Amino acid sequence: MNMQNKAIRVKGLKKSYKQLEVLKGVDFEVEQGSIFALLGSNGAGKTTIVKILTTLLKQDSGTTIVNGFDLVSEPDHVRQSISLTGQFAAVDEILTGRENLSMIARLRHLSHPRQVADDLLKRFSLTEAADRGVSTYSGGMRRRLDIAMSLVGKPQLIFLDEPTTGLDPEGRIEVWKIVKELADGGTTVFLTTQYLEEAEQLADQIAILHEGKIIVSGTLAELKKLFPPAKVEYIEKQPTLEEIFLAIIGQKMEEK
Amino acid sequence: METIKNYFFMDLSVMLGRSMRHIFRSMDTIITVTITPIAMMLLFVYVFGGAIQTGTANYVNYLLPGILLIAIASGIAYTAYRLFMDMQRGILERFHSMPIARSTVLWGHVLTSLVSNAISVVIIILVALIMGFRSSAGVLSCLAVAGILTLFTLALTWIAVIAGLSAKSVDGAGAFSYPIIFLPFISSAFVPTGTMPSAVRAFAENQPVTSIVNAMRALLSDQPVGNDIWIAAVWCIGIMLVAYFFAMRVYKKRV
Ligand SMILES: Nc1ncnc2c1ncn2[C@@H]1O[C@H](COP(=O)(O)OP(=O)(O)OP(=O)(O)O)[C@@H](O)[C@H]1O
Ligand SMILES: [Mg+2]
């Protein structure tokens, strides 16, 4: 079995909220140590997938293996090996940045929580603001702290749900840098985004979620091959993900 | 396969430390919780007190138990509020995605509620002492009073947990406490029930606040408590168990 090489294996994943069928049989796999981008428009179900994979929400059916552990029968082991940066910054507003980090370090039962906090503060350029209440932080600082909190304890797999939404271009580039560093260090990164450019920049593998299913997945190069053969053009132009995305959705619409 | 250790007490101390910081960083919550009961106590003692016939010489002594219950009833609204904010802000989701003993998330808030209400109670008792409150209670009676107040706080706190977990808005999270704050007014807390019209009186004499107040009053003035203390305990423990059961159900459903 090559199960060990997959950080995530999802098969036939279904989830409904009452009558609303959000996931209608989602399949995908994520290689260990890679950056995986899940693309989808508003309401496609990206957050729903993230919540299921991080044990916050129960799936209706399907098999889901995270880091070799079955999500349904071994949620504790899954939690041990992952961490989540949700769509909206999950930081404690009243505590300081340092306190937030050392709180998480204590909850992960690390032996030197203060040291861990200091290191991460430095790494995320938050040292100066470390002893200020988080309510005084800017959006970008809050996001950095949020991501820093997810790195406490060096989990093997990190979920980032729309990590750059609401950030200015500079903040976005900063987050991209962090994500790349994580992957270089061997951490698997699962990120969701609405920005096709972001997936293009970062991801080794891209999957597009549309109407409850993964309609395409693969490397950027593979996705580009799926793009309807270009008309003869005088300028050689690579299709952007944006164009691929819109083209595929367009095709699906026509099929109906 | 490695087994995952349960760090219940370690996690609980982190959770408790966190919400205690919330309280000490925003002391205004304690002030808000204590100021109204103190104002009521002043009003009742110095304005209405002369006109109220309780059969006791010291009206502050008569009043204090009910005032403490009102303080606790308004204090737990903040427990609901803090829990609601945790859910809103997503920090609860972060905790739940971590390898911690999940129930400590709730227990942290519950213990914090006990500590913060204890602080309010002490502040109000200090003010009452200045206003002439005196007690002849021995150590055991004082412990019994503390025990009743603790049970009462726990019972209301678990109701607050239900409210905090199921509220749709910040205002909704605290609204449940208003009727509870009102209960002492229709009890023996401020005036003897004997003067009330019979229907009101029947309610007043059979609702939990009356037996709790009567038990505390008897303990504080070194009088025989009779059955009141047991009725009070049964009420508090009963409410606590039922509220705990429903709080856990709501919790399991929400997470
Ligand atoms: N708790 C819930 N109860 C009912 N419906 C829900 C719930 N959570 C999400 N939904 C619905 O499920 C669908 C998918 O939501 P989800 O949050 O997963 O989308 P998303 O891809 O993350 O969107 P966005 O890009 O806006 O974050 C939406 O139509 C949403 O309204
Ligand atoms: Mg989302």
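The values are calculated or read from the model by the stated rules, or taken from the named source; none is laboratory data. Every value quoted in this text rests on a predicted model; they were computed, and no experiment measured them. A quick note on method: Cβ atoms are made from the backbone with ideal geometry, for glycine too, and the neighbour counts reach across all protein chains shown. In case anyone asks, the SASA skips ligands and DNA or RNA and just uses the protein heavy atoms, side chains included. Shrake-Rupley method; radii C 1.70, N 1.55, O 1.52, S 1.80 Å.
The residue pairs whose first member lies in region B:136-152 and is more than 23 Å from B:G238 (Cα to Cα), whose second member is small (G, A, S), and whose beta carbons are closer than 9 Å, counting only pairs six or more residues apart or on different chains, are B:S136/B:S221; B:A137/B:A144; B:A137/B:S221.
All conditions but one from (1) within 16 Å of ligand 2 (Cβ to nearest atom); (2) over 30 Å from A:F124 (Cα atoms); (3) of a type in the set (S, T, N, Q) apply to A:T64; the one that does not is (1).
Each row is one residue, and each column tells you yes or no for (1) surrounded by 24 or more Cβ atoms within 10 Å (Cβ to Cβ); (2) β-branched (V, I, T); (3) under 12 Å from the mean Cα position of the chain (by Cα).
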site	(1), (2), (3)
B:Y62	yes, no, no
B:L69	yes, no, yes
B:S74	no, no, yes
B:L83	yes, no, no
B:R89	no, no, no
B:H96	no, no, no
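Any chance region B:35-49 includes a residue that's more than 8 Å from chain A (Cβ to nearest Cβ), within 18 Å of the chain's Cα centre (by Cα) and open to solvent by 70 Å² or more (accessible area, probe 1.4 Å)? The answer is yes; a qualifying residue exists. Checking each residue in region A:36-87 for being open to solvent by 40 Å² or more (accessible area, probe 1.4 Å), basic (K, R) and under 15 Å from the mean Cα position of the chain (by Cα) picks out only A:K51.
Among helices (runs of 4 or more DSSP H) entirely within region B:52-143, having at least 2 residues that are farther than 30 Å from B:A173 by Cα singles out B:59-89, B:104-130.
Does region A:36-49 contain any residue that is among the hydrophobic types (A, V, I, L, M, F, W, C), facing chain B (nearest Cβ under 10 Å) and either over 15 Å from A:S16 (Cα atoms) or in a helix (DSSP H, G or I) (or both)? Checked region A:36-49: no residue is among the hydrophobic types (A, V, I, L, M, F, W, C), facing chain B (nearest Cβ under 10 Å) and either over 15 Å from A:S16 (Cα atoms) or in a helix (DSSP H, G or I) (or both).
Is region A:50-66 home to any residue that is more than 16 Å from ligand 1 (Cβ to nearest atom), within 14 Å of chain B (Cβ to nearest Cβ) and closer than 19 Å to B:M98 by Cβ? Checked region A:50-66: at least one residue is more than 16 Å from ligand 1 (Cβ to nearest atom), within 14 Å of chain B (Cβ to nearest Cβ) and closer than 19 Å to B:M98 by Cβ. Count of region A:154-168 residues, restricted to those that are open to solvent by less than 50 Å² (accessible area, probe 1.4 Å), assigned to a loop (DSSP other than H, G, I, E, B) and in contact with a helix residue (DSSP H, G or I) (Cβ under 7 Å, 6 or more places away or on another chain), is 4.
Would you mind stating whether A:G171 is farther than 29 Å from A:V78 by Cβ and buried (at least 16 other Cβ atoms within 10 Å of the Cβ)? Yes; evaluated as a whole, the condition is true for this residue. Scanning region A:140-171 for residues that are away from ligand 1 (no atom under 16 Å from the Cβ) and more than 14 Å from chain B (Cβ to nearest Cβ) returns A:G140, A:M141, A:R144, A:D168, A:P169, A:E170, A:G171. Which residues, taken from region A:92-107, are at the interface with chain B (Cβ under 7 Å from one of its Cβ atoms), of a type outside the set (D, E) and open to solvent by less than 50 Å² (accessible area, probe 1.4 Å)? A:L95, A:M103, A:L107 - these are the residues of region A:92-107 that are at the interface with chain B (Cβ under 7 Å from one of its Cβ atoms), of a type outside the set (D, E) and open to solvent by less than 50 Å² (accessible area, probe 1.4 Å).
Just wondering, is there one or more residues in region A:2-14 that are within 12 Å of ligand 1 (Cβ to nearest atom) and of a type outside the set (V, I, T)? So far as region A:2-14 goes, no, none of its residues is within 12 Å of ligand 1 (Cβ to nearest atom) and of a type outside the set (V, I, T).
Quick check: anything in region A:18-27 among the polar types (S, T, N, Q), assigned to a loop (DSSP other than H, G, I, E, B), touching a strand residue (DSSP E or B) at 6+ places or on another chain (Cβ under 9 Å) and more than 16 Å from ligand 2 (Cβ to nearest atom)? No, region A:18-27 has no match at all. Scanning region A:178-206 for residues that are open to solvent by 20 Å² or more (accessible area, probe 1.4 Å), touching a residue at least 60 places away in the same chain (Cβ under 8 Å) and within 16 Å of ligand 1 (Cβ to nearest atom) turns up just one, A:Q194. Taking region A:108-139 as the range and being within 12 Å of chain B (Cβ to nearest Cβ), touching a Ser or Thr at 6+ places or on another chain (Cβ under 8 Å) and under 18 Å from B:I100 (Cβ atoms) as the test, only A:P113 passes.
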